[in-house]
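First the structure, in the form of structure tokens, and then the observations on it.
Readers should treat all values here as calculations from the given coordinates under stated rules, not as data from a laboratory. Computed from a prediction, not measured in an experiment: that's the story for all the values here. Don't worry about glycine lacking a Cβ; one is built from the backbone with ideal geometry, like all the others, and counts go over all protein chains shown.
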Amino acid sequence: MTLSFHGAKLAILAGDAIVTIQRDDIPGLAWAGYWDLPGGAREGNETPEETVLRETEEELGLSLAPNRLHWGIESTSPPNTVWFFVCEWPDFDPAHIRFGDEGQRWALAPLGWYMRQARAIPTQRARLGAYLNRRDTIRGAVSPA
């Protein structure tokens with residue numbers, strides 16, 4: 001795994017739903033008002049896993065162990081290299097979310113809605129789609145957390 005990366009994102013899948021955050025609608029903010037996934041920029045010498053776990057805790061108040069990250073892929077979205085992780089969490093309880101100060105709101109949205117949502121960040125939808133297309137194969141290769 002390379003340590004030269006910009007940031008990391010996490011798709012938290014609760015069965016056929018996904019945890020998503022609507023970005024702030026601030027002029028000049030990339031993807032302002034779009035539906036995004038938890039995650040963000042790397043700080044210091046963090047690993048991709050450390051980055052996404054820290055960001056998820058800051059944004060949603062969810063403290064996850066590294067073994068909750070079931071799948072990850074490095075991806076280049078010029079000019080940045082980013083990591084995309086998936087956490088399969090079938091018994092997810094939305095009551096555990098403590099929404100932070102980044103974004104307008106969060107939602108536990110149906111996967112189908114998110115994948116068709118015109119205002120979901122296209123690169124996140126594409127990465128999630130790549131995972132979903134191989135979900136059964138990937139699940140079989142990963143031991144349960």
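Assorted remarks:
- In terms of the mean number of neighbouring beta-carbon atoms within 10 Å, the peptides 42-51, 101-110 order highest first as 42-51, 101-110.
- The residues packed around His6, meaning those with a beta-carbon under 13 Å from its beta-carbon, carry a net charge of -2 if Lys and Arg are +1 and Asp and Glu are -1.
- Helical mean residue ellipticity (222 nm; -39500 (n - 2.57) per DSSP H run of 4+; nearest 500) of the chain: -7500 deg cm²/dmol
- In this simple spin-label model, placing a label point 7 Å from the Cα along the Cα-to-Cβ direction at both Ala32 and Met115 gives a separation of 3.2 nm.
- The share of Cα pairs per 10 Å bin across the chain, counted from zero up to the longest distance, runs 11, 44, 38, 6, 0 percent.
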